[in-house]
Each structure stands twice: as structure tokens, then as C-alpha cells.
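Enquirer: Please find one structure pasted underneath; my questions will follow.
The values are calculated or read from the model by the stated rules, or taken from the named source; none is laboratory data. Fair warning: this is a prediction, and the values are worked out from it, not measured in the lab. Positions of Cβ are backbone-derived with ideal geometry, glycine not excepted, and every protein chain shown enters the neighbour counts.
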Amino acid sequence: MAEKKSWRDYMWIISASYITLGFFNILFGWLGLACFFIPLLISVFGGTKSYCNKYCGRGQLLQLLGDKLRLSPYRDIPAWMKSRKFRYGFLVFFMSMFVNMIFVTWLVFSGSRSLEQTVSLLWTFRLPWHWAYSGGVAPGVAQFAFGFYSIMITSTLLGIVTMLLYKPRSWCVYCPMGTMTQAICALKNKNK
């Protein structure tokens, strides 16, 4: 008999919807902040990684693509990708890209720089995305959406690539949010 599904089993729909909505209206990029703050709040106040284990829509989406569509070869991820040095190094790199995105947003808010209607893939490739923004908000608000959506699309792309090479949720091994929440939980549980 099949196991009864919970509402948590459908969180992948949120990740898929986010990607789709940002394609049509970049201002939905702001919703990605939930994926940034909710895991941190759960780990700070709950002392657990339950977001990663139960609620992460991206992890579920990757599992779905790997399992149901059989896109994953189910190979083990290399040991160097599991290493503390790589995970924390990737976290530092990822956070530096986040800080750079905040800085660019601040420059647009201050009027020192004009709005770039592009999405950056892998922090390098700028794709025109002008159709997804028709005005109506301050340029800085739109710039943040373009920047945050770029980060979310890049991390999703990295997740898909590692899913295609290894196990479905291989991204979860080096996910910056997972690394941060793991560090928070370790600190929180150490102080008990």
C-alpha cells in the first residue's frame, strides 16, 4: 500500500512556480527571500535542519526529476564535494556574490548605476530579461529582484547539473543554506 502523502511532499511546486513566475515577472524574484530566511529561522529557533529535510522545495524538485524522470545516474558525489573545505569555501563564494548583488542594488537605489534588466547565470553569463519587467516600481526594487532571481536560478542550475551527474539531491550536500543551517544547529546544540 502506498504511503499517504503530506502537504510537505508538494513543496517542489513552490520551487517550480518560483522559477516560472520569475520568467514572466521578475518582481516575483523577491519571493526567493523566503528560501533564505525560513531555513535560518528554523535552525536558529528550532535548532534543527528540518527545513532541508522536510520543506525544501528545490531538494524535492531535484528528487522528483532524478527519480520519476530517471535523470539521475545515482552515482555517489565525490568526496571533495562533501568536504568541509569545499562546502564552506562555496558558502563564502556564494555569500560574496550575494553581497555583490546587494551592493549593485544599493548603487541602483542611489542613482549611481542604472537598472540592468538581465539575469546572470553562474555569475558570469548575462541574459537579457527585459520582457519580465514593465516598470511600476523603483529601479532598485527591480534590481534586487533581478539579482536575487539570478542567484536562485544559478543555484537551481547547479543543483540540476549535480543531479544529472550524481544522486538526485547531491546539491543538498554543498548547498549554502544547508551549510549555514548546519553550522547554526551545531553552535546552538553545542551550547545546550
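Enquirer: In the list Y149, Y88, Y133, which residue meets the criterion of being touching a residue at least 12 places away in the same chain (Cβ under 8 Å), closer than 29 Å to K68 by Cα and among the hydroxyl-bearing types (S, T, Y)? Show your work before the answer.
Expert: Details: Y88 fails: closer than 29 Å to K68 by Cα; Y133 fails: closer than 29 Å to K68 by Cα.
From the options Y149, Y88, Y133, the qualifying one is Y149.
Enquirer: Counting only residues that are within 25 Å of W12 (Cα to Cα), in a helix (DSSP H, G or I) and of a type in the set (S, T, Y), how many does the stretch 59-102 have?
Expert: 0
Enquirer: Within the stretch 65-112, which residues are of a type in the set (G, A, S), under 21 Å from G147 (Cα atoms) and over 17 Å from the mean Cα position of the chain (by Cα)?
Expert: Passing the criteria: S110, G111, S112.
Enquirer: Here is a further query. Can you tell me which residues in the stretch 100-134 are over 18 Å from F23 (Cβ atoms) and of a type in the set (G, A, S)?
Expert: S110, G111, S112, S114
Enquirer: Here is a further query. Filter the stretch 135-192 for residues that are of a type in the set (D, E, K, R) and in a helix (DSSP H, G or I); which is nearest to T20 (Cα to Cα)? Break it down into steps so the answer makes sense when it comes.
Expert: First, pick out the residues of the stretch 135-192 that are of a type in the set (D, E, K, R): 167, 169, 188, 190, 192.
Next, only the ones that are in a helix (DSSP H, G or I) stay: 188, 190.
On the way: K188: 36, K190: 41 Å.
Out of the qualifying residues, it is K188.
Enquirer: Look through V104, V108, V99 and report the one residue that is exposed (fewer than 11 other Cβ atoms within 10 Å of the Cβ), at pLDDT 95 or above, among the aliphatic types (A, V, I, L, M) and more than 21 Å from V161 (Cα to Cα).
Expert: Working: V104 fails: exposed (fewer than 11 other Cβ atoms within 10 Å of the Cβ); V108 fails: exposed (fewer than 11 other Cβ atoms within 10 Å of the Cβ).
Selected residue: V99, the only one of V104, V108, V99 that is exposed (fewer than 11 other Cβ atoms within 10 Å of the Cβ), at pLDDT 95 or above, among the aliphatic types (A, V, I, L, M) and more than 21 Å from V161 (Cα to Cα).
Enquirer: Any idea which of L164, L122, L157 is under 24 Å from R75 (Cβ atoms), in contact (Cβ under 8 Å) with a residue 24 or more places away in the chain and in contact with a strand residue (DSSP E or B) (Cβ under 7 Å, 6 or more places away or on another chain)?
Expert: On the way: L164 fails: in contact with a strand residue (DSSP E or B) (Cβ under 7 Å, 6 or more places away or on another chain); L122 fails: in contact with a strand residue (DSSP E or B) (Cβ under 7 Å, 6 or more places away or on another chain).
Result: L157 is the single residue among L164, L122, L157 that is under 24 Å from R75 (Cβ atoms), in contact (Cβ under 8 Å) with a residue 24 or more places away in the chain and in contact with a strand residue (DSSP E or B) (Cβ under 7 Å, 6 or more places away or on another chain).
Enquirer: Among the small types (G, A, S) and over 22 Å from P168 (Cβ atoms), is that true of G46? Walk me through how you get there before you give the answer.
Expert: Numbers: among the small types (G, A, S): yes; over 22 Å from P168 (Cβ atoms): yes.
For G46, the condition - among the small types (G, A, S) and over 22 Å from P168 (Cβ atoms) - is met.
Enquirer: Output the residues belonging to the stretch 27-39 that are surrounded by 13 or more Cβ atoms within 10 Å (Cβ to Cβ) and in contact (Cβ under 8 Å) with a residue 60 or more places away in the chain.
Expert: L27, F28, G29, W30, G32, C35, F36, P39 - these are the residues of the stretch 27-39 that are surrounded by 13 or more Cβ atoms within 10 Å (Cβ to Cβ) and in contact (Cβ under 8 Å) with a residue 60 or more places away in the chain.
Enquirer: Looking at P139, P128, which one is exposed (fewer than 12 other Cβ atoms within 10 Å of the Cβ) and at pLDDT 95 or above? Walk me through it before giving the result.
Expert: On the way: P139 fails: exposed (fewer than 12 other Cβ atoms within 10 Å of the Cβ).
Checking each option against the conditions leaves just P128.
Enquirer: Another question about this same structure. Criterion first (farther than 18 Å from L91 by Cα, in contact (Cβ under 8 Å) with a residue 60 or more places away in the chain, buried (at least 18 other Cβ atoms within 10 Å of the Cβ) and not polar (S, T, N, Q)) does P176 satisfy it? Spell out how you get there, then give the answer.
Expert: On the way: farther than 18 Å from L91 by Cα: no; in contact (Cβ under 8 Å) with a residue 60 or more places away in the chain: yes; buried (at least 18 other Cβ atoms within 10 Å of the Cβ): yes; not polar (S, T, N, Q): yes.
The answer is no for P176.
Enquirer: Is at least one residue of the stretch 6-26 free of Cβ contacts under 8 Å to residues at least 40 places away in the same chain, more than 19 Å from V173 (Cβ to Cβ) and either within 12 Å of the chain's Cα centre (by Cα) or surrounded by 16 or more Cβ atoms within 10 Å (Cβ to Cβ) (or both)?
Expert: Yes, that holds for at least one residue.
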